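Taken together, the values in this text are just the output of simple stated rules run on the coordinates, not laboratory data. None of the values given here were measured: they were computed from a predicted structure. Here Cβ is always computed from backbone atoms with ideal geometry, including for glycine, and neighbour counts include all displayed protein chains.
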Amino acid sequence: MRGIMKKIPLLLLLLLLPSFLVACAARPLRPDANRVGSSTGGARRATLANANGFFLTSPAVEDGGALPVKYTCDGESATLPLSWRNVPTGTVEFAVVMHHVPGPGDTHWYWVLYNIPAAITSLPENVTSVGVLGTNSVNDRTEYAPPCSKGPGPKEYIYTVYALSSPPALAVPPAQVSRDVLLTAIDGRVLGSAEMAVIYSR
């Protein structure tokens with residue numbers, strides 16, 4: 001009798017195992033919401049944008065698209081027109097940054113613009129008289145520096161707009177406001193951010 005009782009759990013396991021394997025095979029895989037696209041990471045940006053409703057776009061280029069020469073040092077060096085929507089509630093102003101990461105631990109920035117009034121939700125091409133310009137890492141001047149990609153191959157440039165609950169806590173003049181300085185100054189004040197990337201290859 002004891003021998004039979006010992007065998008019952010094993011028999012139940014053998015009977016249930018096929019059903020368990022069939023159920024696992026039929027179960028759909030859960031998509032990874034944070035998966036980054038192989039080229040530009042646009043899939044992840046789209047997922048994040050849909051999550052918080054805050055979008056950044058440009059009438060001149062789509063997210064992940066090729067940056068027109070007009071907006072580079074090989075063209076007119078114009079600033080890219082930008083537009084954002086679904087602004088987070090409580091936003092009092094915006095900041096815009098454009099940067100590029102050529103390699104691990106290395107970041108270049110081309111455009112730092114802050115103190116943009118909350119009533120403004122778009123920037124025209126070659127925008128002037130809006131917000132305050134910080135520095136760029138190309139020539140350390142308080143101006144926009146257009147992409148001027150060195151070396152062959154495509155390069156990714158990222159535009160980010162930050163919705164802020166209060167002005168940046170800056171104790172330095174604009175000539176000393178780099179990307180890092182601005183990001184430190186808005187820490188704890190960001191209600192939401194949206195970004196888009198463009199690709200440029202010379």
- Message: Whole angstrom only: what separates the Cα centroid of region 172-194 from the Cα centroid of region 70-139?
- Response: 12
- Please give the contour-minus-distance gain from residue 89 to residue 70: 0.36 nm per residue of separation, less the Cα-Cα distance, rounded to one decimal in nm. 3.4 nm
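Residue 142 to residue 77: extension gain in nm, 0.36 nm per residue of separation minus the Cα-Cα distance? Mind showing how you got there, number by number?
Values: separation 65, 0.36 × 65 = 23.40 nm, distance 1.51 nm.
The residue 142-residue 77 span can extend by a further 21.9 nm.
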- Message: Can you give the Rg/Rh ratio of region 110-202, where Rg is from the C-alpha atoms and Rh is the Kirkwood radius?
- Response: 0.97
- Fewest-first ranking of 63, 106, using other Cβ atoms within 10 Å as the exposure measure: 106, 63
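Taking the beta-carbon count within 10 Å as an exposure proxy, list 150, 155 from fewest neighbours to most.
Numbers: 150 7, 155 20.
So the residues, fewest neighbours to most, are 150, 155.
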- Note on the structure: Binned at 10 Å starting from 0, the alpha-carbon pair-distance distribution of region 33-200 in whole percents comes out as 10, 40, 39, 10, 0
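Starting from 0.36 nm per residue, how many nanometres of slack lie between residue 172 and residue 130 once their C-alpha separation is accounted for? Mind showing how you got there, number by number?
Details: separation 42, 0.36 × 42 = 15.12 nm, distance 1.93 nm.
Using 0.36 nm per residue and subtracting the Cα-Cα distance, I get 13.2 nm.
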- Query: Using the count of nearby Cβ atoms within 10 Å as a rough guide to exposure, how do 189, 141, 179 rank from fewest to most?
  - Reply: 141, 189, 179
